[in-house]
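See below for the structure under consideration.
The values are calculated or read from the model by the stated rules, or taken from the named source; none is laboratory data. Note that the structure is predicted; figures quoted are calculated from it, not measured. Positions of Cβ are generated from backbone atoms using ideal geometry, with glycine treated the same way; all protein chains shown enter the neighbour counts.
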Amino acid sequence: MAVYVLHFSEPIGESQTGDEEYIPHARHYVGYTCDMDRRIKEHRRGSGGHLCRVAKERGVTIEIAHVWVGAGRGFERYLKRVYKNTPKICPLCSPDGEERAVSVWEGYKRKRGQDAKGSG
Ligand SMILES: [Zn+2]
């Protein structure tokens with residue numbers, strides 16, 4: 001299992017009004033997979049997620065910004081909830097993104113460990 005962040009070479013967003021108004025944060029995609037190799041190939045082919053299809057159509061490059069090996073769906077949801085502004089945890093966008101990406105995972109595991117206390 002792994003949770004990953006993809007970084008697009010150009011921001012991608014939905015055209016809300018039919019003109020060039022894009023959702024500004026759509027430069028990243030947070031996902032979850034059991035098979036990272038297969039999943040990234042799917043993304044680069046343009047399948048597996050609407051944003052990735054749009055990226056493919058526009059010729060936008062998809063890069064893997066970070067992979068948390070061993071992380072699962074709970075962490076994916078946590079990332080989406082806490083880090084709506086994903087550039088913070090993207091090493092390609094933020095100079096300390098890598099460090100923050102590691103520490104957010106450590107923090108999550110610690111919190112989950114505390115929540116599990118008393119259950120065994
Ligand atoms: Zn980025």
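The C-beta contact set for the range 85-113 (first residue over 16 Å from Val69 (Cα atoms) and free of Cβ contacts under 8 Å to residues at least 12 places away in the same chain, second residue in a helix (DSSP H, G or I) and not acidic (Asp, Glu), distance under 9 angstrom, 6+ apart or interchain) comprises Ser94/Pro87; Ser94/Lys88; Ser94/Arg100; Asp96/Lys88; Lys111/Tyr78. Inspection of the range 97-119 identifies no residue that is among the β-branched types (Val, Ile, Thr), farther than 18 Å from Tyr32 by Cβ, surrounded by 15 or more Cβ atoms within 10 Å (Cβ to Cβ) and more than 12 Å from the chain's Cα centre (by Cα). Count of the range 54-66 residues, restricted to those that are touching a residue at least 12 places away in the same chain (Cβ under 8 Å) and surrounded by fewer than 16 Cβ atoms within 10 Å (Cβ to Cβ), is 5.
Restricting the range 87-109 to residues that are over 15 Å from Glu76 (Cα atoms) and touching a helix residue (DSSP H, G or I) at 6+ places or on another chain (Cβ under 8 Å), the residue that is nearest to the ligand (Cβ to nearest atom) is Cys93. Taking (1) in contact with a strand residue (DSSP E or B) (Cβ under 9 Å, 6 or more places away or on another chain); (2) at pLDDT below 90 in turn, Gly18 satisfies each apart from (1). Scanning the range 74-86 for residues that are more than 13 Å from the ligand (Cβ to nearest atom) and not in a loop (DSSP other than H, G, I, E, B) turns up Gly74, Phe75, Glu76, Arg77, Tyr78, Leu79, Lys80, Arg81, Val82.
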